[in-house]
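The values are calculated or read from the model by the stated rules, or taken from the named source; none is laboratory data. This one's a predicted model, so the numbers in the text were calculated from it and none came from an experiment. Positions of Cβ are generated from backbone atoms using ideal geometry, with glycine treated the same way; all protein chains shown enter the neighbour counts.
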Amino acid sequence: MSRFLSPAKICLILLIDVYHDREVQPADTIKVLSFISQHILRRNDASKATAEGSQSPPTLSLASFQTLLSSLGSNFPGRSLYDVFLKLLWRLVSFDQLDSIFQKSRASDPETVSKCLPISPSSSIGQYLRRCHLEFVRLQFSDAQLLWEDFLIFREPSWSAWATRNPEEAASQDSGGISLDDHVSPILLDRQDKRRSDGHDALPSQDLLEKTVQFQLEQIQGTGCRLPSEMQTKLASMVKHAKSTPADTYFISFFNSWRSGAYNDAIDNLHRYFDYAMEGYGSHQAIKTYHQYALLHLAVLHADFGAYEEAIATMDECVATARENQDSRCLNFGLSWLVHLRKAHPDYVKLERILQSTAFAGNDSDILFFLQQKSLESKDWTQLSSTLLSQAESVIQTGQGALKAFDYSYQSHHLNAKYALHSLQPTQMRLHGSLFSQIGLHALSQLQASTIIAVYERKATRPEALSMHCVRAYQLAVRGEYGAAMTEMRENNPSKHHTLRMHNLHLGFANMIRLKMVLHRKEMTVAERLVQKIKPLRSMAEPDIAFETHMLEIEYLQKAGRNTEALEKVDKMFEGMKSAGGASFIYRIRLLISKADLWVHIGKPSKGFSIALRAANAGYMRSLLPLMCQSLAALTTILIDQEEYKAAQEIIDSILPRALELGDPFLSARLYSLLTDALVGQATSPNQNSKETDTLLNSAQVYLERAKDGFAQVEDLDGTLECLQKKIVLFRYRGEEALAEEMERMYAAEMEGWRRREREAVGLE
């Protein structure tokens, strides 16, 4: 494989000769010149930056020439331009004639100059011909001979088309273009057959190979997944016959090993890549630059496999090196990544103090302010937009209010739209949708999720797109649409990407959806197994997902009757948040709600009163409507237990219209059930007259039916059974025995179905 020349580029020279000899009709000139320009012009950096997406380096085959030239006419009647091209192609019967082509490209015959179209040496075509001649002259004779043999193999597929048009000339040659009158060595023929079987007919030049490797590297960095197996095989075949292996191939191997979960292989390939890269450049400054980026990738690799101590130490060295070299881009990325690590894994922040990290001095707000100012100074809009998103997340985490977070999010959106920062658009819209969900605008949150999937999914990395689909599927499961949730998961199976982390994330979310379903159905045997299966998500998923796994485990312990263990886990999580610091304010509110519910479930609701009141006040002050409704539901439960029915009814009446807009059937059903209890409590009080009692009981029956429908939507067994029990009591209180007996039969059927599912689950073990 030569450094620049290839059989396809020799064919381009022949096509230029066809144009130069005035064989192309005037109407077809633009098509021919466009084809030539597409394959000889280099894209500059500006075109790369403004392009909609990366494009694969163009590859040439004889089929490409045939597709273009077969439909174009020539100056010979009855012959297409492809026939003229083949005539020139098969006129080359010896290595000397190949050499004459390159000589002709530099010095044309004076007698034929007047008959041909002029080609300026300073034009793109002239520069291309000059470089081809220069590269051919530089070739060793053995390499030039191998190029000739590759050319013979390359043109073989066009033998039949040329022989049909030129039977007399074809009679004196074989399909390889070798004259039958020449005495050819059998060794040469055997070598040519071997090169043909090795795939030399499709080999590019070293220059095109490097471009192809760089393009594949851009793709796997942009998508976040492994190289497809077909492309790996093809790339390995190309590299096998190359004179030198591009250093980027080791970087591709690093990404493949990283995404497949091979930790040791990933480190080896990363070291090998930077060793070869530094050897290729050699200068002291280049070595220093590659060293800091090697540390950057190594730190991210350590963190991805859970080695946070090594990750912090490596990133500390990377930041120090970037400061020494005044590489602001590497420094900003390192600091941003450390901020993300502090948010995602607050338990490991204490390692900074143990390792005496100097890179991370200061709190989150100081570092984010520093990054914002540096981004403005250098006009690094990507870094600025990313910093604004981090500031929005920090505002949410510290509980400063949703309005300020919206402000940062809108600023990031403005930068993304103004400077075409497509890679950050999905992240910004996900954050925006999360903010809508937190303040109770469920419809806008769903609209944001649908917009991301419909418009911006192709701009996101594959792990990010998978995470979006998994979160959407879990939200469907929360609303009781388990079938739709599992369909969403099946349609976005990441097995085709062959990435271990994506596979584990997909499997973990599928188990979370199943656990949510079996907890509502109270299938505790299956739930016990699934709780153990979702725990690995805590070390690989985003902080919100990791926290959700803890909440599901607490819910499992509560439904299993292990209330003491559930309370201990809640207290342990509170202690962990206090010691590590940086825990989200929303997490604290959710834990307060769970603790209040646990005290009610244990039978000591008075201990949960102040806790529920604190949670409700925090949700109200920060406009976190869903959390406020859940807190008030817990508070209402306590008030009903204390026989404060009127106060409970007033609270539910005030929040129920807003709660119905949240799209949470379980929360709506719970509030309807509590409203029923409050109305029945008032109806059975001694100071009520018969007319008011009937009115209250009639309203209670209506709301109880709505509660039952809500519990049935999410298939919640406890809620359904509770509603049936309340219906039995109400019907008997009003003397409707037939309806009460019907409710008892429905209750028995529900219990029998639950026992059957439990027996089946035990039998599977």
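Would you confirm whether any residue within segment 11-31 is in the same structural domain as Ser74 (by TED's automatic domain parsing), polar (S, T, N, Q) and under 38 Å from the mean Cα position of the chain (by Cα)?
no
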#### Entry: Matching option when the condition is of a type in the set (Asp, Glu) and closer than 24 Å to Gln397 by Cα, among Glu457, Glu491, Glu464
Glu464
## Note on the structure
Subset of segment 489-513, residues free of Cβ contacts under 8 Å to residues at least 24 places away in the same chain and either buried (at least 22 other Cβ atoms within 10 Å of the Cβ) or among the small types (Gly, Ala, Ser) (or both), comes to Ser495
### Message
Among the numbered criteria (1) crowded, with 16+ Cβ neighbours inside 10 Å; (2) free of Cβ contacts under 8 Å to residues at least 24 places away in the same chain; (3) in the same structural domain as Ala612 (by TED's automatic domain parsing), which one does Lys578 miss?
### Response
(1)
### Summary
How many residues of segment 387-427 are more than 29 Å from Ala616 (Cα to Cα) and assigned to a helix (DSSP H, G or I)? The answer is 16
### Query
In segment 428-459, which residues are outside any helix (DSSP H, G or I) and either out of contact with any Ser or Thr (no Cβ under 9 Å at 6 or more places or on another chain) or closer than 15 Å to Ser412 by Cβ (or both)?
Leu441
### Query
Does Ser394 qualify as being more than 24 Å from Gln475 (Cα to Cα) and either assigned by TED's automatic domain parsing to the domain that holds Leu624 or in contact (Cβ under 8 Å) with a residue 40 or more places away in the chain (or both)?
no
### Query
Based on what the data block shows, is Thr637 within 30 Å of Glu523 (Cα to Cα), part of a helix (DSSP H, G or I), among the β-branched types (Val, Ile, Thr) and within 44 Å of the chain's Cα centre (by Cα)?
yes
### Message
Between a residue in segment 322-334 that is closer than 12 Å to Tyr293 by Cα and any residue that is of a type in the set (A, V, I, L, M) and outside any helix (DSSP H, G or I), which pairs come within a Cβ distance under 8 Å, given they are 6 or more apart or on different chains?
### Response
Gly334/Ala359
### Query
Going through segment 126-157 one residue at a time, which ones are farther than 16 Å from Leu14 by Cβ and aromatic (Phe, Trp, Tyr)?
Phe141
## Note on the structure
Leu270 fails exactly one of (1) closer than 19 Å to Gln214 by Cβ; (2) at pLDDT below 80; (3) under 23 Å from the mean Cα position of the chain (by Cα), namely (2)
### Message
So, Ala465, is that one buried (at least 16 other Cβ atoms within 10 Å of the Cβ), outside any helix (DSSP H, G or I) and modelled with pLDDT under 90 or not?
### Response
no
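Please report, ordered by residue number, the helices (runs of 4 or more DSSP H) entirely within segment 520-611 with at least 1 residues that are touching a Pro at 6+ places or on another chain (Cβ under 9 Å).
Working: elements: 524-534, 543-559, 563-580, 585-602.
Fully inside segment 520-611 and qualifying: 543-559, 563-580, 585-602.
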### Single residue of Lys604, Lys522, Lys569, Lys533 found to be surrounded by fewer than 20 Cβ atoms within 10 Å (Cβ to Cβ) and within 30 Å of the chain's Cα centre (by Cα)
Lys533
